[in-house]
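Colleague: Can you keep this structure in mind? I'll have questions shortly.
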Amino acid sequence: MLKTGEQHTRSLQDGRQVYLDGGVVDDVTAHPAFRNVVASVGQLYDFQSRDENLELMTYQVPDGEGRANRIWQLPHSYEDLVTRRKALVAWTELHGGFLGRAPDHVASCISGMYMGREVFEEFDPARAAALADYYRFARDNEMYLTYVIINPQADRSKAAHEQQGEFLTAGVVDEDASGITVHGAKMLATAGIVANEVFVTCIQPLQPGDKKYALSFALPMNAKGLKTLSRKSYEAEAPSEFDNPLSHRFDENDAVLFFDNVHVPWERVFINQDVEMCQKQFHATPAHVYQNYQAQVRLSVKMKFLIGLGHKITETNGTTNFPQVRETLGQLAAQGAMVDAMVHAMETKGRAWGDYYVPDRHTLYAAQVLTQQLYPQVMATLRDLAGGGMIMLPSSVADFGNPEMRDLIGITQQSPAADSEGRVKFFKLAWDAVGSEFASRHTQYEMFYAGATFVTKNHSYRTYDWEHGKGLVDRMLGSYSLEDEI
C-alpha cells in the first residue's frame, strides 16, 4: 500500500520538538504556522496513490514486494531516467516548483549514494551495509527526508574545530557498542517540519582537526534530544489564501537543528569521523549529481510557471502586443527553454555507473551556474512587466466584504482580460511569487541552495573536458607555422 496524505499527516504527530515564537509547537499538523504546508504535502501523497497515477508515479520494487514511488527508482537506462523524470515533473506541477525540498530531493541523494555504495564498502563494509539497509527502509516505508549538510555560519574564516565552542557544529562526543552520541548544531533543515527523518552530514570541505564533525547518519525528526529551531513562518502571516496563495500553502520552512547529546545507533551511521569520506559520499558516488538533477527538473517546472505568470501579466495589462513587451516575453521564453533543454541534455549525455545510468555531471553543473544567475533576472523581468500592478492592490480580501469598497475596487481595478476580482486575484498571486517575503526567500534559495556561486563554478571547472578544447586549439596552431610565411 502506498502512503496517503492522511497517513503522512498522522506520521508527523510524533512528539517532535519544534520551537517557534518563543514556545514549543505541540502539533505541527494543526498549528497555523505549518498546517497548510502539511496539507499540501498530503496532496502529493494522495496524488501518487490514485489508481490512474500508479504507473506514472510508482514502479515495481525489484528486490521486494509491491510498488514504490519513483523518487526511489534507480535507473538502469536512459529510458528509466526519462520515465522517472516524468514522475518528478507531475509531482512538481502540483506546487509549481515552490517546494524546493519536496520528498523527491533527499530521496535522490540517498538513492545516488546507494548507487555508489561500493565507495562505502571500501571505506567500511559495516557502514555500507547500514546505508543499503537505510535506502530500502526509507523506500519501503515512504520516508519523507530532509537534510542538514551545512555547519552554522559563525566565523566563516575558521574551520569547524576552531569556532568558539567545541560543539557549535554537530560532532561526536561519545561512542560505544550501540552507536555514537552527537552534540551541536546543523542547518538548514528545509522542509524539516513536514519530513519524517533527517539525513545529517557535511557537504562543505572539512579541514584537518575537523574529524569529530565528519559524520553521515539519519534519524527520525522526533529523536530524543533533537530540537528544531524554526525560522519565522510566512504561512502564519498569510491567513488568507486569496491574499497570499503561495505562502499560505507552500511555505516549506527552514530550521536550525540542535542535537542535544542525541544517540545515533550504528545501523543509522554511514560515516563515522572520516573527513575524506564525507566528500567522497557526494562526489565519488552519483549522489551529488542525482540530487541536483532533481533540483533542475523542479526548476524547469518553476520556470514554466513564472514564464506563464509573465505572459498573463501582459494580458492582464493589455500590453502583450507591444513590440518591446513581446521582445521581453521572447527573452523569458528562451531562458525557460534553456533550463528545459539542459535537463534533457543531462539525460541524453548521461552515462553508465556500474549497473545504473546517471545524468551527465558537467551539464548539471553548467546548469547550476547559469540558473543561479538566471532566477534573479527572471524576477526583475516580471517586476518590469508588472509595473505598479502588483503593488496597488486592495489591502486584503476583507475589502471585498465592504459593499462601498467593492464598488470602488470594481472601478479602480480594471483589466481588458479579467473583471476586477479576477485582476486582484491574479496580481495577488503574482506578488506572492515575485515580491512578497515568501518570494524573496525563494530568490535567495534558488541563488544559493546549491552553494555559493564560486562553489558551483568550481564544480563546472573541474568537470569540463578542457583537454578536448585545448586539443582543438593545438591542432589549429599545428596547422600553420612561421616558416610558411618566410
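Please treat every number below as a calculation from the coordinates, not as lab data. Since the model is a prediction, treat every value here as computed from it, not as a measurement. Because the Cβ atoms are built from the backbone with ideal geometry, glycine has one as well, and the counts that use them run over all protein chains shown.
Colleague: Positive end of the dipole of the chain, charges at C-beta (+1 Lys, Arg; -1 Asp, Glu), about the Cα centre: which of F400, A160, P359 has its Cα farthest in that direction?
Modeller: Checking the options against the dipole of the chain, the answer is F400.
Colleague: Quick one: the Cα spread of segment 287-471 along its three principal axes, in angstroms, biggest first?
Modeller: Principal-axis extents of the Cα atoms in segment 287-471, largest first: 71, 34, 30 Å.
Colleague: Oh, and also: Want the number for M338 to Y78: 0.36 nm per residue separation, take away the alpha-carbon distance, what's left?
Modeller: 91.6 nm
Colleague: Could you derive backbone 3J(HN,Hα) for segment 254-265 from the dihedral phi with the Karplus parameters 6.51, -1.76 and 1.60 (θ = phi - 60°), listing whole Hz in sequence and x where the residue is Gly or Pro?
Modeller: 9, 7, 8, 9, 10, 9, 9, 6, 8, 8, 10, x
Colleague: Name the residue from P32, V106, F123 whose Cα lies farthest towards the positive end of the charge dipole of the chain, charges +1 on Cβ of Lys and Arg and -1 on Cβ of Asp and Glu.
Modeller: P32
Colleague: Might you report the magnitude of the Cβ-based charge dipole of segment 287-471 about its Cα centre, with Lys and Arg at +1 and Asp and Glu at -1, to the nearest 20 debye?
Modeller: With only Lys, Arg, Asp and Glu charged at Cβ, the dipole is about 460 debye.
Colleague: So how long is each side of segment 363-445 along the principal axes, counting just the alpha-carbon atoms, biggest first, in Å?
Modeller: 56, 24, 17
Colleague: Between A345 and D465, 0.36 nm times their residue separation minus their Cα-Cα distance comes to what?
Modeller: Extra length available between A345 and D465 comes to 41.6 nm.
Colleague: Per the Kirkwood definition applied to all pairs of different Cα atoms, how many angstroms is the hydrodynamic radius of segment 224-299?
Modeller: 16.3 Å
Colleague: Beyond a 31 Å Cα-Cα separation, which of these cross-linked pairs lie in this structure: K86/K186; K304/K349; K304/K470; K186/K349; K227/K304?
Modeller: Over 31 Å apart, Cα to Cα: K86/K186; K304/K470; K186/K349; K227/K304.
Colleague: Return P(r) of segment 34-170 (all Cα-Cα pairs; 5 Å bins starting at 0; whole %; ordered from short to long distances).
Modeller: Histogramming segment 34-170 at 5 Å steps yields 2, 9, 15, 18, 16, 14, 11, 8, 5, 3, 1, 0 percent.
Colleague: Hey, can you rank 326-332, 210-216, 30-36 by average C-beta count inside 10 Å, highest first?
Modeller: Top to bottom by mean Cβ count within 10 Å: 210-216, 30-36, 326-332.
Colleague: Which of the peptides 121-130, 220-229 is most tightly packed, and how do the rest follow, judged by the mean count of other Cβ atoms within 10 Å per residue?
Modeller: 220-229, 121-130
Colleague: Distance from the Cα centre of segment 353-430 to that of segment 1-29, in angstrom?
Modeller: 30 Å
Colleague: Full-extension gain between E404 and D140, please, as 0.36 nm times their residue separation minus the C-alpha to C-alpha distance.
Modeller: 89.3 nm is the gain from fully extending E404 to D140.
Colleague: If you don't mind, another one. From the phi of every residue in segment 302-307, what ³J(HN,Hα) in whole Hz does the Karplus formula 6.51 cos²θ - 1.76 cosθ + 1.60 yield, where θ is phi - 60° and glycine or proline is x?
Modeller: 4, 4, 4, 4, 5, 5
Colleague: Can you tell me the order of 303-311, 6-14, 396-404 when each peptide is scored by its average per-residue count of other Cβ atoms within 10 angstrom, highest first?
Modeller: 303-311, 6-14, 396-404
Colleague: Relative contact order, percent, of the chain when contacts are C-alpha pairs under 8 Å separated by at least 6 residues?
Modeller: Relative CO of the chain lands at 16 percent.
Colleague: Could you list which residues have their amide H under 5 Å from that of T169, counting only those 5 or more apart in sequence or on another chain, with H placed in the peptide plane?
Modeller: Under 5 Å from the amide H of T169: A185.
Colleague: Now for a different question. Quick one: the Cα spread of segment 411-486 along its three principal axes, in angstroms, biggest first?
Modeller: Largest to smallest, the principal-axis extents are 82, 32, 16 Å.
Colleague: Can you list residues from other chains, or at least 5 along the same chain, whose modelled amide H is less than 5 Å from the amide H of G179?
Modeller: W266
Colleague: If you don't mind, there's one more thing I want to ask. Please work out the Cα convex hull volume for the chain and give it in Å³ per residue.
Modeller: Dividing the Cα hull volume of the chain by its residues yields 197 Å³.
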